[in-house]
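Comments concern the structure below.
The values are calculated or read from the model by the stated rules, or taken from the named source; none is laboratory data. Note that the structure is a prediction, hence the values are computed from the model and not measured. Cβ sites come from the backbone with ideal geometry, for glycine too, and all protein chains shown count toward neighbours. To get the accessible areas, we keep the full protein, side chains included, count just its heavy atoms, and leave off ligands, DNA and RNA. Shrake-Rupley method; radii C 1.70, N 1.55, O 1.52, S 1.80 Å.
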Amino acid sequence: QVQLVESGGGAVQAGGSLRLSCAASGRAVASAAMGWFREDAGNEREFVAAISQSGDSTVYADSLKGRFTITRDKDKNTVYLQMNSLRPEDTAVYYCAANRFNSDYTVRTLYEYWGQGTQVTVSS
């Protein structure tokens with residue numbers, strides 16, 4: 001069974017940083033690309049960042065480039081999202097997900113497995 005468990009969310013002031021973690025279990029995840037999405041009240045879940053199965057390739061939402069960094073530790077089966085220079089508009093529930101197609105990383109419907117989400121709140 002595949003299980004994704006996010007952690008690291010919390011409340012931070014604008015300009016601060018957080019690092020989210022996604023601990024993955026299950027054989028299917030080891031060969032999957034991994035992504036982060038976020039969702040706030042009244043908006044659709046949107047793509048944040050993704051990393052290939054090998055970890056050699058990353059993709060980011062254009063608006064987040066330079067502030068967010070996605071990495072993965074294959075030995076630990078964990079994916080990270082380092083978030084710097086946080087802004088109030090980054091407030092959302094952040095979800096980790098696995099894409100076994102290993103393609104079209106920004107397409108939400110290609111992610112088969114999802115975590116439960118972790119809340120990030122940025123105050124001004």
So which residues in region 33-63 are over 12 Å from the mean Cα position of the chain (by Cα) and on the phi < 0 side of the Ramachandran plot? Asp40, Ala41, Asn43, Glu44, Ser52, Gln53, Ser54, Asp56, Ser57, Asp62, Ser63
List the number of the failed condition for Asp62; all other conditions in (1) in contact (Cβ under 8 Å) with a residue 12 or more places away in the chain; (2) acidic (Asp, Glu); (3) more than 26 Å from Gly26 (Cβ to Cβ) hold. (1)
Of all residues in region 1-52 being assigned to a helix (DSSP H, G or I) and small (Gly, Ala, Ser), the one that is surrounded by the most Cβ atoms within 10 Å (Cβ to Cβ): Ala28
Pairs returned, first residue in region 95-124 that is farther than 30 Å from Gly16 by Cβ and of a type in the set (A, V, I, L, M, F, W, C), second residue that is open to solvent by less than 80 Å² (accessible area, probe 1.4 Å) and part of a helix (DSSP H, G or I), beta-carbon separation under 6 angstrom, 6 or more apart or interchain, are Phe101/Leu110
For Met83, the lone unmet condition from (1) in contact with a helix residue (DSSP H, G or I) (Cβ under 8 Å, 6 or more places away or on another chain); (2) closer than 24 Å to Val2 by Cβ; (3) of a type in the set (A, V, I, L, M) is (2)
Subset of region 65-83 that is in contact (Cβ under 8 Å) with a residue 40 or more places away in the chain and under 17 Å from Thr121 (Cβ atoms) - its residue that is nearest to the chain's Cα centre (by Cα): Leu81
Assess whether Asp40 counts as being closer than 17 Å to Gly117 by Cβ and not hydrophobic (A, V, I, L, M, F, W, C). yes
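Please go through region 69-110 and give me each residue that is hydrophobic (A, V, I, L, M, F, W, C), part of a strand (DSSP E or B) and either buried (at least 21 other Cβ atoms within 10 Å of the Cβ) or touching a Phe, Trp or Tyr at 6+ places or on another chain (Cβ under 6 Å) (or both), ordered by number.
Initial filter on region 69-110 (hydrophobic (A, V, I, L, M, F, W, C)): 70, 79, 81, 83, 86, 92-93, 96-98, 101, 107, 110.
Pick out the ones that are also part of a strand (DSSP E or B) and you get 70, 79, 81, 83, 92-93, 96-98.
Those that are hydrophobic (A, V, I, L, M, F, W, C), part of a strand (DSSP E or B) and either buried (at least 21 other Cβ atoms within 10 Å of the Cβ) or touching a Phe, Trp or Tyr at 6+ places or on another chain (Cβ under 6 Å) (or both): Ile70, Val79, Leu81, Met83, Ala92, Cys96, Ala97, Ala98.
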Extreme residue, most open to solvent (accessible area, probe 1.4 Å), among residues of region 53-68 that are of a type outside the set (Asp, Glu) and more than 20 Å from Val93 (Cβ to Cβ): Lys65
